[in-house]
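**Q** Please read through the structure below; I'll follow up with questions.
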Amino acid sequence: MAERTGLATLTALRSDGRRLAATAPNGDLKVWDTTEPTKPHLLIRLTRRHRVIAATWNPTAADLLATLATDGSISVWRMVDDRPPQEMMRLLMPYGRSGKLAWFPDGRHIACATPDGVISAWDLVSGARQTQVLGDRADCLTLFPGPDGLRAAYRDGSIRQPGTRTRHIQPITAASWSTTGALLAVAREDGSVEIRDESLRTRWTRAVSGGSPLLLAWYDDTAMVAADRGGRTLTAYDIAGRARWQTRLPGVPTGLSVAGDILAVGGCGFAPWIVELGTGTPLSGLPS
């Protein structure tokens, strides 16, 4: 079971790896300067009435961070160094109070998937909701807006991809699209991980844990990391299913985020655990 005190419930690295947003169960969000991954330091603390449950950095404007709160509001914040956060825009989700949040590559549109199966997308210049794509009524585990459209994977095994009808695999507990959307990693209740191609054919399957919950994250299209929450380990696999490295964690992992050559892991407290992706070498917050 995950520890209940001081858990960071999400981590979100900026694409350049120089900023990290992390939250805890009280809903506060902290932004860390990770320019030097071995010495992250706190820049900003954001306290809201409603707790933050999702956060994502804009891919084209480095100082913009979008957050989703439990009241269904999506806020876009300007986060500049250690200055007070400036709320630039607020949107209200029409359905649901939790979900996944992701920017489109153009940095102008943002999408949110909620548990009722609805995916909404907004044009942030006009503030208008542009599309509403009906999915299945299940939790969305990962949302990937690519240049060709939206991809989404749901807990019941429903998979949405551009240009195709919703397809179905067996139920899953975690999912992550590769950086181009060409590959999908999924975890199952038995603790195994599968890699599937664009046609959802299985490339390989590996037993990672004895059934404890897993977290998944890709770097490039060449490798992915699985975090075993029960075993408190990180294991990197290449696309052939070969293990590259394994690193032990001092606590239960609660979130993964990748940028450049570093991996940020959410865990106890706000302070991030940071790992070098190529070798699994601990850089900050972990025993070396």
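Rule-based calculations on the coordinates, nothing more; no lab input. Remember, it's a predicted structure, so these values are computed and weren't measured experimentally. Please note: Cβ atoms are built from the backbone with ideal geometry, for glycine as well, and neighbour counts cover all protein chains shown.
**Q** Within the range 111-186, report the trypsin sites (Lys or Arg not before Pro) that DSSP leaves as loop and that have at most 14 other Cβ atoms within 10 Å.
**A** Answer by residue number: ARG137, ARG165.
**Q** Let me check I've understood the local charge: for THR235, count other residues with C-beta under 12 angstrom from its C-beta, Lys and Arg +1, Asp and Glu -1. What total comes out?
**A** Every neighbour counted, the sum reads +3.
**Q** I need the peptides 106-112, 139-145 ranked by packing, meaning the mean over residues of other C-beta atoms within 10 angstrom, with the highest value on top.
**A** 139-145, 106-112
**Q** Same structure again: Separation of the range 233-272 and the range 125-178 by C-alpha centroid, Å?
**A** 24
**Q** For Cα extents along the principal axes in Å, which listed value, (i) 52, 50, 35; (ii) 46, 46, 31; (iii) 64, 35, 35, comes from the coordinates shown?
**A** (ii)
**Q** Could you compute the net charge surrounding LEU283? Neighbours are other residues with a C-beta less than 15 Å from the C-beta of LEU283; K and R count +1, D and E count -1.
**A** In short, -1.
**Q** Under the classification rounded if a/c is under 1.5, otherwise prolate if a/b is larger than b/c and oblate if not, where does the range 191-237 fall, given a ≥ b ≥ c as square roots of the Cα gyration tensor eigenvalues?
**A** oblate
**Q** If you find the alpha carbon centre of the range 47-124 and of the range 187-215, how far apart are they in angstrom?
**A** Using only Cα atoms, the two centres lie 29 Å from each other.
**Q** Another question, then. Within the chain, what's the longest stretch lacking GluC sites (Glu not before Pro) that sit in DSSP loops with no more than 15 other Cβ atoms inside 10 Å?
**A** The longest uninterrupted stretch comes out as 4-188.
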